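Working notes, beginning with the structure itself.
The values are calculated or read from the model by the stated rules, or taken from the named source; none is laboratory data. As the structure is a prediction and not an experimental result, all values here were calculated from the model. Using ideal geometry, Cβ is built from the backbone for each residue, glycine included, and neighbour counts are taken over all protein chains shown.
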Amino acid sequence: MRRVCGFTLIELLVVIAIIAILAAILFPVFAQARDSARKATSISNVNQIMKAHMMYASDHDERFCPAVEDNPESEASTGIDYDASWIRKLQPYVRNFRVFYSPNARRQDDPVLTGANRTSGGIIFSYGMLMRWRFYSGRDPGPANMWATGFGNAMMDGVGGYQYTPGTSYFGSAPSRFCGQPGTQADRFAPSYSFAQIARPAEVAVIADALGFDYGMTCRNRYPAPADALDASSPYRGLNFAGRYAYEGERLYQGVPYRLGVGAVGFADGHVAGMRTERFFTIFTTASGVPAYRYQYAGE
């Protein structure tokens, strides 16, 4: 009589236990490897983007390119966000279009830049250029002009400006009036900062691993504008820079969740570093006594 070989119940349980132990050991290793790969790609991308920024500035009187530019292409019936973005401005300075895609972006679809069904694609949901929105949110650093976040109230003043081509509409034209801020359309024009105008180039961010090309500082797109920073209904939960390649959970501030972690940041002197969300919102006091986000404030 032939014996049938097989596992006993105890042997099967032992095998399952061993597999579970191995999984518990290897899953964190795999997660670390994934984060390391995302970090390497994101840092490399932002390095190349910052080199493109520097080349653009050297060709334009040492002034960074605008974060947003209204132009005939962006205002046409088939106009898209890409047409108004800094990404388009830097296109001639990069060899690989894919450097504009963060490995952490939820969308990776390519834009359709020609034809009737044009779209910005996933490229817009990757890296953001910090805009000079202090200008837009008012010159008075009083409570009404602070952008409240889970990291404190302070002024922001990014590097990227807003350009306007005659014959096109301004961002935030009536009735939105630039996120509800007062002032005439002419008051809203602001060129990007030049190298000479940035007080602390090694500390001032130009590009961040973000959720929109304009870092969410205008109202045309569905990104958190200043007024939406504590808006729980915001599609990005009220914070554009989310520390994306190494996610570390959330914390609540006035009922709004803020995602914590590490993201890539490119600075005005050209270097790139990974920064935790909390550090990115470090507040210091300027020479004029105004509280400001150190890494997101170009003046003084």
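Looking at the range 262-282, can you tell me whether even one residue there is assigned to a strand (DSSP E or B), farther than 28 Å from TYR56 by Cβ, touching a Lys or Arg at 6+ places or on another chain (Cβ under 7 Å) and modelled with pLDDT of 75 or more?
no
Being among the small types (Gly, Ala, Ser), closer than 28 Å to VAL262 by Cα and surrounded by fewer than 18 Cβ atoms within 10 Å (Cβ to Cβ) narrows it down to one residue among ALA17, ALA40, ALA67; which is it?
On inspection, the qualifying residue turns out to be ALA40.
I'm checking my understanding of the structure. Among residues of the range 36-82 that are assigned to a loop (DSSP other than H, G, I, E, B) and of a type in the set (A, V, I, L, M, F, W, C), which one is farthest from ALA246 (Cα to Cα)?
The extreme case among them is ALA76.
If I ask for residues that are exposed (fewer than 10 other Cβ atoms within 10 Å of the Cβ) and either modelled with pLDDT of 70 or more or of a type outside the set (D, E, K, R) (or both), which ones from the range 1-10 would you list?
MET1, VAL4, CYS5, GLY6, THR8, LEU9, ILE10, listed by residue number.
Go through the range 90-112 and give me each residue that's surrounded by 20 or more Cβ atoms within 10 Å (Cβ to Cβ) and assigned to a helix (DSSP H, G or I).
Matches in the range 90-112: LEU90, VAL99, PHE100.
Taking the condition of being more than 20 Å from GLY289 (Cβ to Cβ), more than 15 Å from the chain's Cα centre (by Cα), outside any loop (DSSP other than H, G, I, E, B) and at pLDDT below 80, how many residues in the range 118-169 meet it?
Residues in the range 118-169 being more than 20 Å from GLY289 (Cβ to Cβ), more than 15 Å from the chain's Cα centre (by Cα), outside any loop (DSSP other than H, G, I, E, B) and at pLDDT below 80: 3 in total.
Between a first residue in the range 103-117 that is β-branched (Val, Ile, Thr) and a second residue that is modelled with pLDDT of 85 or more, which pairs have beta carbons less than 8 Å apart while being 6 or more apart in sequence or on different chains?
Every condition considered, the pairs that remain are VAL112/ARG118; VAL112/THR119; VAL112/GLY121.
Among residues belonging to the range 182-238 that are part of a loop (DSSP other than H, G, I, E, B) and among the acidic types (Asp, Glu), point out the one that is modelled with the lowest pLDDT.
Restricting to residues being part of a loop (DSSP other than H, G, I, E, B) and among the acidic types (Asp, Glu), the top hit is ASP231.
Within the range 18-38, is even one residue acidic (Asp, Glu), farther than 26 Å from SER120 by Cα and at pLDDT 80 or above?
Checked the range 18-38: no residue is acidic (Asp, Glu), farther than 26 Å from SER120 by Cα and at pLDDT 80 or above.
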